[in-house]
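The values are calculated or read from the model by the stated rules, or taken from the named source; none is laboratory data. Quick caveat, the model's predicted, so the values are computed rather than measured. Neighbour counts are summed over all protein chains in view; Cβ atoms, including those assigned to glycine, are modelled from backbone coordinates with ideal geometry. Accessible surface areas use protein heavy atoms only, side chains included; no ligands, DNA or RNA. Shrake-Rupley method; radii C 1.70, N 1.55, O 1.52, S 1.80 Å.
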Amino acid sequence: GAGVSQSPSNKVTEKGKDVELRCDPISGHTALYWYRQRLGQGLEFLIYFQGNSAPDKSGLPSDRFSAERTGESVSTLTIQRTQQEDSAVYLCASSLDPGLGYGYTFGSGTRLTVV
Amino acid sequence: QQPVQSPQAVILREGEDAVINCSSSKALYSVHWYRQKHGEAPVFLMILLKGGEQKGHEKISASFNEKKQQSSLYLTASQLSYSGTYFCGTERAGNMLTFGGGTRLMVKP
């Protein structure tokens, strides 16, 4: 597609439930990133996929968070047993080749509210 | 480690200039600049690579001082459309971006 697509755009869930967020990057972009942005805050790195390399999971805040990517296409971020502090906008971004100086294209995000 | 941005917020009148600074304690490969408007996704403005030159984008330009691990974003003759939050993102070779806390810019008529 023309841009990075994320779904759902909004998600309200009850504390303790699992949620799955989806990201469809720009076709051909080898790198895919997940970031979290709490209200009025900056972007917090979660996980990074580059081609077929092992993902960089160093930003995942707990073992309740996991992510997968199928080849160089769709990625899903799963949060198990959601907590109120998980409420935030989850942003996905993709890049053509970060090593060659390409910027990130962000999706519109998924606003997650845990009640 | 998160880069430090300054100032945290700035208010301008249309036509005025502003400078936003970004500094890191780590050696950097590149610095990115993004602008985010309220309720929207961040939008890429420009990237400065190690060993690269100062870059420009309309009336917005930036510089990267490798020795000091600092970058500055220059907004000249500001327009109402420049309002938003500006984030710098710093990259160490082969890694993802680490973003600063953001600088909120408001341009008033």
**OP:** Report whether or not A:Leu60 is facing chain B (nearest Cβ under 10 Å) and not aromatic (Phe, Trp, Tyr).
**Re:** no
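Take the conditions modelled with pLDDT of 90 or more and surrounded by fewer than 19 Cβ atoms within 10 Å (Cβ to Cβ) and apply them to B:Glu14. Does it pass?
Details: modelled with pLDDT of 90 or more: yes; surrounded by fewer than 19 Cβ atoms within 10 Å (Cβ to Cβ): yes.
The answer is yes for B:Glu14.
If you scan region B:80-104, which residues turn out to be at pLDDT below 90 and either in a strand (DSSP E or B) or surrounded by fewer than 23 Cβ atoms within 10 Å (Cβ to Cβ) (or both)? Reasoning before the result, please.
Residues of region B:80-104 at pLDDT below 90: B:91-96.
Within region B:80-104, B:Glu91, B:Arg92, B:Ala93, B:Gly94, B:Asn95 qualify.
Among the residues of region A:14-50, how many are open to solvent by 40 Å² or more (accessible area, probe 1.4 Å), within 23 Å of A:Leu96 (Cβ to Cβ) and more than 11 Å from chain B (Cβ to nearest Cβ)?
Counting residues in region A:14-50 that are open to solvent by 40 Å² or more (accessible area, probe 1.4 Å), within 23 Å of A:Leu96 (Cβ to Cβ) and more than 11 Å from chain B (Cβ to nearest Cβ) gives 4.
Looking at this structure, is A:Thr76 of a type in the set (S, T, N, Q), over 29 Å from B:Met46 (Cβ atoms), open to solvent by less than 40 Å² (accessible area, probe 1.4 Å) and outside any loop (DSSP other than H, G, I, E, B)? Can you show your working first?
Details: of a type in the set (S, T, N, Q): yes; over 29 Å from B:Met46 (Cβ atoms): yes; open to solvent by less than 40 Å² (accessible area, probe 1.4 Å): yes; outside any loop (DSSP other than H, G, I, E, B): yes.
So A:Thr76 passes the test.
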**OP:** Consider only pairs whose beta carbons are under 8 Å apart and that are at least six residues apart or on different chains; among these, list those whose first residue lies in region B:14-42 and is free of Cβ contacts under 8 Å to residues at least 40 places away in the same chain and whose second residue is among the small types (Gly, Ala, Ser) and open to solvent by 10 Å² or more (accessible area, probe 1.4 Å).
**Re:** B:Glu40/A:Ser108; B:Ala41/A:Ser108
Original post:
In region A:70-115, what residues are more than 9 Å from chain B (Cβ to nearest Cβ) and of a type in the set (Phe, Trp, Tyr)?
Top reply: A:Tyr90
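Just the residues that are touching a helix residue (DSSP H, G or I) at 6+ places or on another chain (Cβ under 7 Å) and part of a loop (DSSP other than H, G, I, E, B), please, taken from region A:1-50. Even if it seems obvious, please write down each step before you answer.
First pass over region A:1-50, keeping only residues touching a helix residue (DSSP H, G or I) at 6+ places or on another chain (Cβ under 7 Å): A:15, A:31.
Within region A:1-50, A:Lys15 is the sole residue that qualifies.
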Subject >> Scan of region B:17-36 for residues that are modelled with pLDDT under 90 and assigned to a loop (DSSP other than H, G, I, E, B), ordered by number >> reply: B:Ser25, B:Lys26, B:Ala27, B:Leu28, B:Tyr29
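If you check A:Leu46, A:Leu60, A:Leu21, A:Leu32, which single one turns out to be over 21 Å from B:Gln1 (Cα atoms) and either under 12 Å from the mean Cα position of the chain (by Cα) or not hydroxyl-bearing (Ser, Thr, Tyr) (or both)?
A:Leu21
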